[in-house]
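The next block holds one structure in the form of structure tokens; read it before the comments.
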């Protein structure tokens, strides 16, 4: 083999090595991109679930507060009615 043939074979081997290196880097980039997309989807799903849980908790607390307010209002009305009844009974006597 001549020196020129050896140089050409060396250049071909170097070119193949560089080609495979770039191909592997490209493939790794694509796989990393897909992995990141899946991770972002999982994160979004988790955030949505958290939001739903928080809304459910707020609704439960709101219902409890409304029930307590209703009970308090009824008790105040009952007390006012009883006070008015006593006042009317004492006025009659």
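Below, the figures for the structure above:
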| item | result |
| --- | --- |
| Cα centroid separation, the stretch 49-64 to the stretch 3-17 (Å) | 69 |
| Cα principal axis extents for the chain, largest first, Å | 136, 10, 7 |
| With Cα atoms, 0 to 90° folded angle of helix 3-92 axis to the chain main axis | 0 |
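Computed from the coordinates by the stated procedures, all read-outs in this text should not be read as laboratory data. The structure displayed is predicted, hence computed values, not measured ones.
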